[in-house]
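Step one of this worksheet: look at the structure below.
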Amino acid sequence: MQRLIGVLQRPATPDPAFAPQAPDPAVSGARQRLFSIGQATPTPLLACIEVLEQALGRTAEKPWLPLQPGGSCRPPPPTQHCWRPGAAPAADAGA
């Protein structure tokens, strides 16, 4: 979770090397960046919120809502098949 704090301490700026005619996923002209702070390790959302609360020195307001239509309390299906080209989907991927 320390990666999250590190990212927050370095605000994103447009990369002058970005060329829209030949886009490169490693650079962007946007003022925002998307980071995979978990590096393929699932991290509970509330754990991320707690780290942010500690770093900011304040408690987040968390208005708990009922489960929304289409929502699920079940964990997501395994994604190992996504990492092997041509692999068949996992048996429970649609569950």
- Given a cut-off of under 8 Å on Cα pairs at least six residues apart, what relative contact order in percent is computed for segment 1-60? 36 percent
- Note on the structure: The ³J(HN,Hα) series, computed from each phi in segment 15-32 with the Karplus coefficients 6.51, -1.76 and 1.60 at θ = phi - 60°, rounded to the nearest Hz and given as x for glycine or proline, is 8, x, 7, 5, 10, x, 6, 9, x, 10, x, 7, 10, 7, x, 7, 8, 10
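Could you tell me the calculated FRET efficiency between LEU52 and ASP24, based on Cβ-Cβ distance and R0 = 25 angstrom, to the nearest 0.05? Working shown, then result.
Working: r = 30 Å, r/R0 = 1.21.
Result of the calculation: an efficiency of 0.25.
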- Three-way shape call for segment 10-56 based on the alpha-carbon gyration tensor, with the a/c threshold at 1.5: oblate
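Read the figures in this text as sums done on the coordinates, not as results from a lab. Since the model is a prediction, treat every value here as computed from it, not as a measurement. All Cβ positions, glycine included, derive from the backbone under ideal geometry; neighbour counts span all protein chains shown.
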